[in-house]
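> Just passing along the structure, written as structure tokens.
Every number in this text was worked out from the coordinates using simple rules, so none of it is lab data. Please read these numbers as outputs of a predicted model, since none were measured by experiment. Using ideal geometry, Cβ is built from the backbone for each residue, glycine included, and neighbour counts are taken over all protein chains shown.
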Amino acid sequence: MKQKILFFILICLSANTAFAQKEYYRMSRWDDGAKRTEVVGSGNDSLLTGYYQNGNRSEEGRYMYGKFIGAWNYWYPSGSKQMTMYFDSLNISTIKNDKVSKGMLIRAVGYYETGEIQRYESYAEGKHVATTAFHKNGHVESLTIYDTNENAYQQTTWYDNGNMKELAMFTKSFKTVKEGKKEVTRMEMLPLPYKVWHENGQVATNGQVDNGKKVGTWRNYDTDGNLIKTDEF
């Protein structure tokens, strides 16, 4: 999806450069002559619509001064909704001292081709904060939380019956200590929990991970909760 966004940002920028007049219309075509993109606008406020070769829309949304604003919709080739991405549009039309307002991604909602919500993504200051994915029956499938560098540091998954499936932690601990008159924050690598459950709710695996490697005692259980194996790392 990020590749799609980058592709259409280029189209948006070129349209703003080439069509500075009050109203304009621009269209591109696929090799077979079918309509590929269509841009209509007035000034720097434009609406872009993309099409698949079968004629169905692939995406549609507004942009201003090269920034995506409001809701951008994406569709599967079949015509079903694939995703809606919401961009901050506050004061986007105002340019002062050659600076343009944010236009950052706020949230996104993805859909299965059959119409059910597939995932919900949330963002802060344009950075990915968390993603919640859903099974087709509406039960949560996974929750992934990201750090400020958009690296996943916690993931929890569930079976489609609602029972928990896996818990994995990737975070690093930070501790602030005094060194003379200064306070210094240092990263500590601590063993983190890793746990897996059977579909019936019984614990399957219980252990710890340190920097991606198994450490300490790992215990494995059968579907009745009986201990079947213990490993030391």
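> Compute the relative contact order of segment 28-93 as a whole-number percentage, counting only Cα pairs closer than 8 Å that sit 6 or more residues apart in sequence.
On the way: 135 pairs, mean separation 13.7, N = 66.
RCO, segment 28-93: 21 percent.
> How much length is gained on full extension from Q53 to M104, taking 0.36 nm per residue of separation minus their Cα-Cα distance?
Between Q53 and M104, full extension yields an extra 15.4 nm.
> Still on this structure, I have one more. Using a Förster distance of 30 angstrom, determine the FRET efficiency expected from the C-beta separation of T205 and S80, and round it to 0.05.
FRET efficiency, T205 to S80: 0.20.
> Starting from the Cα-Cα distance between I228 and Y25, subtract it from 0.36 nm times their residue separation and give me the gain in nm to one decimal.
66.2 nm
> With a Förster radius of 45 Å, plug the Cβ-Cβ distance of K182 and H139 into 1/(1 + (r/R0)^6) and report the FRET value to the nearest 0.05.
0.35
> Hey, rough spin-label estimate for N73 and K35, points 7 angstrom out along Cα→Cβ, what's it come to in nanometres?
Between N73 and K35, the simple spin-label model gives 1.5 nm.
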